[in-house]
Amino acid sequence: MFFSVVIPTYNRKPILEKCLRALENQNYHRPIIDYEVIVVDDGSTDDTISCLKTRATEFSHVQLLTQSHQGPAAARNLGVEQAKGDFIIFIDSDLVVTDSFLQSHANSLVGARSDNVFTYGRVINTCNFDFPTSEPYKLTDFSAAFFATGNVAIARHWLIAAGLFDTRFQQYGWEDLELGFRLKKFGLKLIKCPDAVGYHWHPPFSLEQLPGMIEREIQRGKMGVLFYQKHPSLEVKMMIQMTWIHRLLWGFLSLGGRLNEKTMAVFLQWLIDRGKSQLALEISRIFLNWYNVKAVYAAYGNIENYN
């Protein structure tokens, strides 16, 4: 079983180094398992490329590919196209895995005794940069996604058969779940693989992050409408929050947008100053979701007007 671990990256050098170091320190059964790590740099403007080139000996499994900034969908496609492995593992460049990561995915794939499956590992969110793997699993780490590229292993031929990622998803969100919809048509089944653990690092929440987070929610709304255009169904409408339920819920909770990054700034900073940055982030999701819902309806309205 030969794995190709495909990692798109964009200006993530510090955490990418931890990600790659963890992948070099894998405990696995040779020669039953072997692997390569394909890093696709998506036009980074930091020194990611020079760092990887000068540390090629340390990161001996890494194959570096580069492209202009086109988004993670195009980056993952390039990685899959150049991969040597029979199985592809997708992770993000801010994920630090345990030393049994590859072996756990392999055990679950072999144990399934079927080709029409893929494995989905556990992703634990953490803001602990120095010791990311010390974070315990939390209820907020649960994901009900069918196919998400944060920690998934799948036979390469299924990705080719499905047509890879749609590169029209150039902004934030949905490119992996949309591919999952196409994979589901082949009858593929998801197998949970909780022993394949990855720790998804992000900096502690601060008010300075909110403009970027709002922009991502707006992008996610636009890409959600593209998702719905490709798969017009109630299931997708629920996923992208394009229903009256979501409009009513987040409109009510945010008081029609009156509770926002400006009006709540003092309260959110008060929580952060008392070491409750995670609670501040969860409260912020109220108005972040309202931005997302508004963006969904605005993007869909533009399409309707155009037609």
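The values are calculated or read from the model by the stated rules, or taken from the named source; none is laboratory data. Since we're looking at a predicted model, the values are computed, not measured. Note that each Cβ is placed from the backbone with ideal geometry, even for glycine, and that neighbours are counted across all protein chains shown. Note: areas computed on protein heavy atoms with side chains; ligands, DNA, RNA excluded. Shrake-Rupley method; radii C 1.70, N 1.55, O 1.52, S 1.80 Å.
Using +1 on the beta carbon of Lys and Arg, -1 on that of Asp and Glu, and nothing else charged, what's the dipole of the chain about the Cα centre, debye to 20?
840 debye
For region 218-292, count all C-alpha to C-alpha pairs, find those more than 19 Å apart, and express that count as a whole percent of the total.
45 percent
As I understand it, the value is the acute angle between the Cα axis of helix 101-111 and the longest principal axis of the Cα atoms of the chain; what does it come to in degrees, rounded to 10?
Roughly 80 degrees, rounded to the nearest 10.
Could you compute how much accessible surface residue 51 exposes when probed at 1.4 Å, giving the result in Å² to the nearest 10?
Result for residue 51: roughly 10 Å² accessible.
Would you mind putting 165-172, 265-272, 115-122, 147-154 in packing order, based on average other-beta-carbon counts within 10 Å, highest first?
Highest to lowest by the protection proxy: 147-154, 115-122, 165-172, 265-272.
Taking Cα centroids, how far is region 274-307 from region 5-76 in Å?
The two parts, judged by their Cα centres, are 32 Å apart.
Can you give the angle from 0 to 90° between the axis of helix 72-82 and the longest principal axis of the chain, with both taken from C-alpha atoms, to the nearest 10?
10 degrees
Write down the accessible area per residue of region 55-129 in Å², having rolled a 1.4 Å probe over the full set of protein chains. Write out the running numbers ahead of the final one.
Working: 3020 Å² over 75 residues.
The answer is 40 Å² per residue.
Report the antiparallel proportion of the DSSP beta bridges in the chain as a percent, rounded to a multiple of 5. Mind dumping the intermediate values first?
Numbers: 11 of 39 bridges.
Counting DSSP beta bridges with both partners in the chain, the antiparallel share is about 30 percent.
Measure nothing but the geometry: give the 0 to 90° angle between the long axis through the Cα atoms of 210-230 and the longest principal axis through the Cα atoms of the chain, rounded to 10°.
80 degrees
Could you give the dipole magnitude of region 116-218 about its Cα centre, charging the beta-carbon of Lys and Arg +1 and that of Asp and Glu -1, in debye to the nearest 20?
The dipole of region 116-218 has a size of about 620 debye.
For region 165-307, what is the accessible area per residue in Å² when the probe is 1.4 Å?
Here the per-residue accessible area is 55 Å².
Express the carbon and sulfur contribution to the solvent-accessible surface of the chain as a percent, rounded to the nearest whole number, probe 1.4 angstrom.
56 percent
Too long at a 29 Å Cα-Cα cut-off: which of 18/185; 53/184; 18/276; 84/185?
Details: 18/185 36 Å; 53/184 38 Å; 18/276 26 Å; 84/185 25 Å.
Over 29 Å apart, Cα to Cα: 18/185; 53/184.
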